[in-house]
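Visitor: Have a look at this one.
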Amino acid sequence: MRLLLVDDEKEFVSTLAERLSLRDIEADWVTSAKEAEKIIEKKHYDLVLLDVKMPQVGGRELKKIIEKKIPGIKTIYLTGHGSEEDYQAGSAEAEYYLMKPININDLIKKIHDALKK
Amino acid sequence: MSNMIDPLGEAGLQFYSKVSASISHEIKNSLAVLNESAGYLEDVTLMAKKGMEINMERLESLAGTMLKQVQRTNGIVTNMNRLAHSLDDPASQVDLNALLELMISLSERTTVTRGFKVSAAFSDSAITITTHPFFLENLIWLILDFAMNITGDEKTIAMVPTKTESGAEINFTGLDKMTENAFNDFLTQHVRLILAALHCTLQPNENIGKITLHVPGNITHPVQ
């Protein structure tokens, strides 16, 4: 299993990737949609964890771009944004829509559940 | 009791809600960094108890990250506090430089997410006016929101405050795609009400992509 984490909060996304790797989950991270587009050209990923609100291209737009290149890839949205409208829309699009801050054990469970869907 | 909402109050509430949502998002992001940092410390502590070696440099960098996030959150909360206290008095003395600096900070998440850069050319000395700070902040927020729809390809908006004989003016530049129609559409009931309450006027100049906001030196002495 290999994950790609995309979030413009570098210190958040790098530390989360580090903690996942301590639990034997291979996770690469990038801080923008542009970087994400480049890295998925080179590597295969089973699941992407996307921040919904990022500068220029947000997670929901990036999901569409990634799906064109990796059809069927599983997606989990992460956000600090809590509007009900965003939650409804995001939940319908992705396997899960999670709010920051997250509990790593809950996240890992959601990752496994998403991959089984 | 009337169930009608005062339109000026409604405009203020909309502004306050948007800023609160943006700020809570920022705080959540900061908490997420702190959460992962604390979680990492917990992870390595458990590993150390099992005899694994600790990377001290990584711990040092993590401590720096956590301190930085505390400072960041403190800055966010301080700005929120300044905004909240701007409703304390119907008219108070403010320095336009400081007010614009606050507005750049409060709108940063929104502007950056939309790919815009907002800057201000602060003057060396204070530009002190007596106004209703909350509604002036509300008005600047609305102008910035409008400006993001009509900037040129550089996506840069500059605010230049200047002292004038009757008070002060703020020039918003970089609005290269502004048209007369777009400006008229911007003048909604809310915008007109805030302008009237503050005794301010707005002057567009489509030829050079600029809007000038004229602000009276004292809210009790309107601009003529």
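The values are calculated or read from the model by the stated rules, or taken from the named source; none is laboratory data. Values in this document were obtained by computation on a predicted structure and should not be read as measured data. Backbone-built Cβ (ideal geometry, glycine too); neighbour counts: all protein chains shown. Protein only, heavy atoms only, side chains kept; ligands, DNA and RNA dropped before computing areas. Shrake-Rupley method; radii C 1.70, N 1.55, O 1.52, S 1.80 Å.
Visitor: Please state the charge dipole magnitude for chain B, taken about the Cα centre, from unit charges on C-beta atoms (+1 on K and R, -1 on D and E), reported in debye and rounded to the nearest 20. Mind showing how you got there, number by number?
Guide: Values: 16 positive and 25 negative charges, 79 e Å.
So the dipole magnitude of chain B works out to roughly 380 debye.
Visitor: Under the √(5λ) rule applied to the eigenvalues of the Cα gyration tensor, what semi-axes describe the equivalent ellipsoid of the protein assembly as shown? Give them in Å, descending. Walk me through the intermediate numbers first.
Guide: Numbers: eigenvalues 385, 103, 68 Å².
Equivalent ellipsoid semi-axes, largest first: 44, 23, 18 Å.
Visitor: Viscosity 0.692 mPa s, temperature 37 °C: give me the Stokes-Einstein translational D for region A:2-116 in µm²/s, with Rh taken as the Kirkwood radius over C-alpha pairs.
Guide: On the way: Rh = 13.9 Å.
Stokes-Einstein gives a translational diffusion coefficient of 236 µm²/s.
Visitor: Using helices alone, what [θ] at 222 nm do you get for chain B, with -39,500 (n - 2.57) per DSSP H run of 4 or more residues, divided over all residues and rounded to the nearest 500?
Guide: Numbers: 6 runs with 126 residues, N = 224.
After summing the helix terms and dividing by residue count, I get -19500 deg cm²/dmol.
Visitor: Mind jotting down the distance between the C-alpha centroids of region B:112-165 and region A:20-71, whole Å?
Guide: Rounded to whole Å, the Cα centres lie 35 Å apart.
Visitor: Cross-link partners among lysines for A:K117, C-alpha distance below 16 Å, same-chain residues fewer than 8 apart left out?
Guide: Correct list for A:K117: A:K74, A:K109.
Visitor: Carbon and sulfur together cover what percent of the accessible area of region A:2-116 at a 1.4 Å probe radius? Display every interim value, and only then the final one.
Guide: Numbers: 2510 of 5380 Å².
With neighbouring chains kept in place, the figure for region A:2-116 is 47 percent.
Visitor: Accessible area per residue for region A:2-116 in Å², computed with a 1.4 Å probe and the full protein assembly in place, what is it?
Guide: On the way: 5380 Å² over 115 residues.
Ligands and nucleic acids excluded, the figure is 47 Å² per residue.
Visitor: Next question, about the same structure. Roughly to the nearest percent, how much of the accessible area of region B:61-121 is carbon and sulfur, given a 1.4 Å probe?
Guide: Numbers: 1730 of 3020 Å².
Taking all protein chains in place, region B:61-121 shows 57 percent carbon and sulfur surface.
Visitor: In addition: Name the residue, out of A:K42, A:K63, A:K100, whose mean-square fluctuation peaks in a Gaussian network model built on chain A with Cα pairs under 10 Å.
Guide: Taking springs between Cα atoms under 10 Å, the residue moving most is A:K42.
Visitor: For a label point 7 angstrom out from the Cα of B:L59 toward its Cβ, which stretches of region A:1-44 have the backbone nitrogen within less than 18 Å?
Guide: A:19
Visitor: Follow-up. Below 8 Å between Cα atoms, with a sequence gap of 6+, how large is the relative contact order for chain A in percent? Before the final figure, lay out the partial values.
Guide: Working: 174 pairs, mean separation 25.4, N = 117.
That works out to 22 percent.
Visitor: Ok, one more. Under unit Cβ charges (Lys, Arg +1; Asp, Glu -1), what dipole magnitude, rounded to 20 debye, does region A:2-116 have relative to its Cα centre?
Guide: Working: 19 positive and 22 negative charges, 72 e Å.
So the dipole magnitude of region A:2-116 works out to roughly 340 debye.
Visitor: Explain nothing, just the number: relative contact order of chain B, from Cα pairs under 8 Å at least 6 residues apart, as a whole percent.
Guide: Working: 287 pairs, mean separation 40.6, N = 224.
Value for chain B: 18 percent.
Visitor: Once you charge only the Cβ atoms, +1 for Lys and Arg and -1 for Asp and Glu, what is the size of the charge dipole of the protein assembly as shown about its Cα centre, to the nearest 20 debye? Write down the numbers at each step before the final one.
Guide: Numbers: 36 positive and 47 negative charges, 195 e Å.
Rounded to the nearest 20 debye, it is 940 debye.
Visitor: Using a 1.4 angstrom probe on protein heavy atoms only, which residues from region A:89-106 are buried by at least 40 Å² of accessible area when all chains are present rather than their own chain alone?
Guide: A:K100, A:P101
Visitor: Continuing with the same structure: How would region B:1-147 be classified by its alpha-carbon gyration tensor: rounded, prolate or oblate, with rounded meaning a/c under 1.5 and the a/b versus b/c comparison settling the rest?
Guide: The shape class here is prolate.
Visitor: Positive end of the dipole of the protein assembly as shown, charges at C-beta (+1 Lys, Arg; -1 Asp, Glu), about the Cα centre: which of B:I127, B:T110, B:W141 has its Cα farthest in that direction?
Guide: Most positive-ward Cα: B:T110.
Visitor: From the cross-link list A:K38/A:K69; A:K34/A:K69; A:K100/B:K50; A:K53/B:K18, which pairs have alpha carbons spaced over 19 Å apart?
Guide: Numbers: A:K38/A:K69 11 Å; A:K34/A:K69 14 Å; A:K100/B:K50 30 Å; A:K53/B:K18 15 Å.
In this structure, A:K100/B:K50 exceed 19 Å between Cα atoms.
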